[in-house]
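Trainee: One structure, pasted below without further comment.
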Amino acid sequence: MSNHLRLENLYRLAIRTNQNGKYDEEARRLKEGFLKDFQKYEVTGNAVNKSEMNKKKDYDLKLRNLKRTAAIDYINKSNNKPKALWTIINSEKQAKNPSVTPFQMEINSTIENNPSLNAENLNKFFAEVAENTLIKNRNDLHYVPQSIQNPPIRQYIEVFNFAPTNEKEVLEIISSLKSKLSCGLDEVPSRAVKHCAEQLAAPLAAVINKSFEQGHFPSLLKLSKICPKHKTGTTTKLENYRPISLISTFSKIIEKIAIKRMTEHLQNQELLTKHQHGFLKGRSTLSALVSLVEFVTDQLEDNKLVAAVMVDYSKAFDCLGHDLILTKLATLGVRGRSGNWIASYLEGRQQLVELQTTTNGKKTSFKSTFQPLNRGVPQGSVLGPFLFVLFTNDFPNSINYNSVMYADDTTLLLTTDTAEELHSDIISSTQETLHYCLQNDLVINPKKTTCINFSRRLDEIPKIPDLLVEKEAKLLGVTIDSDLSWTTHVNNLSKKLASGVFVVRRMKWIGGLNAAKAAYYALIEYHIRYDLVVWGGITKQNLNRILILQKKAIRTLADLEQT
């Protein structure tokens, strides 16, 4: 019995290969050779057969080299290198993958085990959550929607029309796509499109030009596939899932060209607010954070009281009414044929949910029926976030306070001479923002909207009702504290770097030096450099904490002993 178990364990060890199945004939020959000699030795006990089992060392060396090559190849081809690195490390774990029970959801206080019904319920929930969020918000605030007078269209703004594209531009757009295997309902991944770019460019250019000319977006490209992803909490609750929307790669190509044309128009007409930093060329999370920190430090140097209210929206991209989007775009010159194209892009969209269950290693797919989408900008799209930026372009002029925006991250910046004035301005600015949101299909999330007082005279500022006042908050990947010491950010960064050092060490063993370097750049240097201009002026003590962890990673790369 013991010999049988030893043989089974040895088989299990022998057949382990890397993720990409890199397994050549030499490795197969070495494996079969030492297993054959092992079986002979188990039966005969012959010393000759035992010595022949040394072929296993050759096999292990060959297999390790294959795995290293495959690991480096997998990392280099990945668009998300941190995820790829962790995938490789987790694949090295010896634990057997347990069988996954079919998808279970709680429906009307009853656990439903039918994956097809669960897909239907999830799709219905995702399709209706925006409307339900708006209704609940209005009921909670006792707000009655009123007819809003359309903003005046400035006659001197040039009417925008989509200029035609050509084969060369389409090729450039295709080359800019990330090479992925995920795909929408047409089952054509971007990797396949990039591979056939030269053959596809000319017909795609013709289709895109026809679409712009007719003011009509192709109907089949309006279909999306939703893959639910668990966020937190119990796995049986509908609300604990986030919809990951997959749309056609061809749709993304058209959208990228549309954004390029619209951006040129908006910049030429100088229509974009300087307060918005998201999804616009030359602006980024860094420019947004620099604007915020410069404002705070300048006011503090002038001995002013300063506060920031970080507004969080619920389902921001999903709640927008299509008519309101088109009305706002018209004020920016996007009307007529171009407005019709945007209307066609937004309207008539449908989605389905796909669930994949795994039982005893076998995957089964379950798809719901389609649900219409009557609100919001398309999830998973390229154009959707850009339309949101244009939708909120009027926000800075709708309130009487300074602001910094990055897509749907909005921060109100307040400064006064006295504590009473600051307290009053915090309340007034949030009320003005709330009024704007009620008129523009946006919902503020009070549980995540926070206020930070940067002033040194905090004791003088009265408490603010219905608003979380914190000493620190995370904004655009950086933790900002009321003292601008950045100690909390360094604490969080140190945890990431410590985890990164572990990955560098593991990748050095699994994939060799090149894989370890990839881990260093993705998980150490990237996090250190991220918006370093903003928080880099830290204390020597905090700086040393980062340097120590960075040196550990570098010593691992250089095969130096840790000190």
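Trainee: For Trp86, Trp341, what ranking results if the residue with the fewest other Cβ atoms within 10 Å of its Cβ goes first?
Mentor: The order, fewest Cβ neighbours first, is Trp86, Trp341.
Trainee: Just want to confirm a number: the relative contact order over the range 487-557, from Cα pairs under 8 angstrom separated by 6+ residues, in percent.
Mentor: The normalised contact order for the range 487-557 reaches 46 percent.
Trainee: Another one. Against the globular-protein guess of 2.2 N^0.38 Å, express the Cα radius of gyration of the range 382-481 as a ratio, rounded to two decimals.
Mentor: Normalised Rg, Cα atoms only: 1.13.
Trainee: Here's another thing I want to ask about it. Using 0.36 nm times the number of residues separating Lys448 and Lys495, minus their current alpha carbon distance, what extension gain do you get?
Mentor: 14.6 nm
Trainee: While we're looking at this one, here's another question. Amide H neighbours of Leu320 under 5 Å, counting only residues 5+ apart in sequence or on other chains, H built in-plane at 1.01 Å?
Mentor: It is Gly376, Val377, by chain and number.
Trainee: Sticking with this one: Between Asn514 and Asn108, what is the label-point separation in nm under the 7 Å Cα-to-beta-carbon projection?
Mentor: Rounded to a tenth, the inter-label distance reads 5.9 nm.
Trainee: Separate question: With the crude spin-label approximation of a point 7 Å out along Cα→Cβ, what separation in nm comes out for Thr87 versus Leu117?
Mentor: Placing both labels 7 Å beyond Cα along the Cβ direction yields 3.5 nm.
Trainee: So, one more: Expressed in nm to one decimal, what extension gain is obtained for the pair Glu347 and Asn360 from 0.36 nm per residue of sequence separation less their Cα-Cα distance?
Mentor: That pair, Glu347 and Asn360, stretches by 0.5 nm at full extension.
Trainee: So if we plug the beta-carbon distance of Ser428 and Asp298 into 1/(1 + (r/R0)^6) with R0 = 22 Å, what FRET efficiency do we get, rounded to 0.05?
Mentor: That gives a FRET efficiency of 0.50.
Trainee: Which order results if Leu422, Leu246 are arranged by neighbouring Cβ count within 10 Å, fewest first?
Mentor: Placing the least packed residue first, the sequence is Leu246, Leu422.
Trainee: What residues from the range 301-321 fall in the zone where the backbone N is under 14 Å from a label point 7 Å along the Cα-to-C-beta line of Tyr143?
Mentor: Taking a point 7 Å out along Cα→Cβ of Tyr143, the residues of the range 301-321 whose backbone N falls under 14 Å are 312-316, 319-321.
Trainee: To the nearest 0.05, what FRET efficiency results for Thr235 and Gln214 with a Förster distance of 35 Å applied to their C-beta separation?
Mentor: Efficiency for this residue pair is about 0.15.
Trainee: Using only the alpha carbons of the range 487-557, what is the convex hull's orientation-averaged projected area in square nanometres?
Mentor: 4.2
Trainee: Taking neighbour Cβ counts within 10 Å as the exposure measure, how do Ile253, Ile174 sort from fewest upward?
Mentor: Lowest count first: Ile174, Ile253.
Trainee: Is there a pair in Lys83/Lys231; Lys274/Lys471; Lys36/Lys363; Lys252/Lys447; Lys210/Lys315 whose C-alpha atoms are over 25 Å apart, and which pairs would that be?
Mentor: Flagged as over cut-off: Lys274/Lys471; Lys36/Lys363; Lys252/Lys447; Lys210/Lys315.
Trainee: Separation between the Tyr530 and Glu167 pseudo-spin-labels, each 7 Å from Cα along Cα→Cβ, expressed in nm?
Mentor: Each label point lies 7 Å from its Cα, and together they span 4.3 nm.
Trainee: State the extension gain, in nm to one decimal, for the chain segment bounded by Val290 and Asn268, taking 0.36 nm per residue of separation less the distance between their alpha-carbons.
Mentor: Between Val290 and Asn268, full extension yields an extra 5.4 nm.
Trainee: Considering Cα pairs under 8 angstrom that are at least six residues apart, work out the relative contact order of the range 214-317 and quote it in whole percent.
Mentor: Relative contact order for the range 214-317 comes out at 14 percent.
Trainee: While we're looking at this one, here's another question. Can you pull a Stokes-Einstein diffusion coefficient for the range 116-481 at 25 °C (0.890 mPa s), Rh from Kirkwood over Cα pairs, as a whole number of µm²/s?
Mentor: Taking Rh from Cα pairs, D becomes 109 µm²/s.
Here, each number is a calculation from the coordinates, and none is a lab measurement. Just so you know, these numbers come straight off a predicted model, no measurement behind them. Because the Cβ atoms are built from the backbone with ideal geometry, glycine has one as well, and the counts that use them run over all protein chains shown.
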